1. Would you mind telling me which numbered condition in (1) free of Cβ contacts under 8 Å to residues at least 12 places away in the same chain; (2) outside any helix (DSSP H, G or I) R112 fails?
2. So, of the residues in the range 178-190 that are in contact (Cβ under 8 Å) with a residue 60 or more places away in the chain and not in a loop (DSSP other than H, G, I, E, B), which turns out to be nearest to the ligand (Cβ to nearest atom)?
3. List the pairs whose first member sits in the range 1-23 and is within 12 Å of E52 (Cβ to Cβ), whose second member is modelled with pLDDT under 95, and whose Cβ atoms are under 6 Å apart, counting only residues at least 6 apart or on separate chains?
4. Which condition does E91 not pass, out of (1) crowded, with 19+ Cβ neighbours inside 10 Å; (2) over 30 Å from R167 (Cα atoms); (3) not small (G, A, S), if it passes all the others?
5. Do you know which residues across the range 137-159 are within 16 Å of the ligand (Cβ to nearest atom) and in a loop (DSSP other than H, G, I, E, B)?
6. G123: within 23 Å of the chain's Cα centre (by Cα), outside any strand (DSSP E or B) and crowded, with 19+ Cβ neighbours inside 10 Å, yes or no?
7. Go through the range 71-115 residue by residue and tally those that are over 25 Å from P28 (Cβ atoms) and β-branched (V, I, T).
8. Which residue out of E242, E237, E231 is away from the ligand (no atom under 16 Å from the Cβ) and either within 25 Å of L320 (Cβ to Cβ) or small (G, A, S) (or both)?
Amino acid sequence: MPSPALLSVDLSALARNFRTLETVAGAPVYPVVKADAYGLGAAACATRLMAEGARSFFVARAAEGVALRAALGPEGSGGPAIHVLDGCAGETAQDLKAADLRPVLNNPDQLRTWTAAGGGACGLQIDTGMNRLGFRPEDAPEPFDGLGLVMSHLACANTPDQPMNRRQRDAFAAAAARYPGVTRSLANSGGCFLGRDFAFDAVRPGICLYGGGPEGRPDARIAPVATLSAEVLQVREVPAGESIGYARGFVADRPVRAAVIAIGYADGVTRAFGPRGAVWVAGETRPLLGQVSMDVCTTDVTGLEVAVGDRVELFGANRLLDEAAAAAGTVSYELLTGIRPRVERLHTEDCDRN
Ligand SMILES: *Cc1c(COP(=O)(O)O)cnc(C)c1O
């Protein structure tokens, strides 16, 4: 039974973006597959990225790491290293060890907990100014057994001329110098494009792998990966003067042909899409009409040949993720991770299906 609302994921485009990022950064890519690979399916994406050569991944939560480890196999027999950005709380240390996960230790408490649990392969985060996770540079520990990665995170990498980027880069270089021989990683997606001196020994892109531009707008170097589409459930002729949807959100000032499509806020197409939202339908970009409701929304197909069962694109190759996110007043990250479980995920190679 084909799903009315579909998120199709083009794994060959994902692989192309992986290779692009490796070339641009000039360093190995350690993909960030947290939040189920930004909603695209962590097991499928990571499996494809491993085939492309990825040997090390990042998730946020320990539970995400446990699930990914089960999908990819143990580190000893060809499985990748999996880093957990949350680090290590007392009750999770044993789970991390049991699943061969590497916490990224963020503070002295986490380091103590990990050491008390027997230690082992792990990473260390230094906060270089974002004031989110990580040791302050002056509190960073002496080198210790098991430390395989030292990292920091850029606050403004999507804004190349923001001077904080360079300050963070220099602070990181200084802090990482305490750990000779340990892999150094600073750059997220945006950081991959800031110059080779931001790449260090490994980069950690997320959004650019999944088709978002490094500066929050479409970028020709990044291939679209995810296509969100939904079926037309009904096409209707709306006479001038009548309204469409809840609260008379749209009032027709002329006769309108409207297509009702099978996707709504319960699928992650939030009500914020209403006012400036648009879809790509029958070869054109057309606005949404009125409010998005739970299961459906409506678009203007006046003058177009559209039939029940046709697919309408919310974002994809014809309406880029960053454009769609901007129209909804949000960012590619939130749009992708907000696509709800009711939307079927379909993984393909060289997907030409919208
Ligand atoms: C989410 C995250 C990334 C990936 O960021 P993108 O902007 O999606 O490339 C990298 N590093 C850390 C610490 C993160 O939390």
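1. Result: R112 fails condition (2) only.
2. The selected residue is S189.
3. L11/E349; S12/E349; S12/D350
4. That leaves (1) as the condition not met.
5. S152, H153, L154, A155, C156, A157, N158, T159
6. Criteria not met by G123.
7. Total meeting the criteria: 3.
8. E231
The values are calculated or read from the model by the stated rules, or taken from the named source; none is laboratory data. Treat the numbers as computed from the prediction; the structure is a model and nothing was measured. Because the Cβ atoms are built from the backbone with ideal geometry, glycine has one as well, and the counts that use them run over all protein chains shown.
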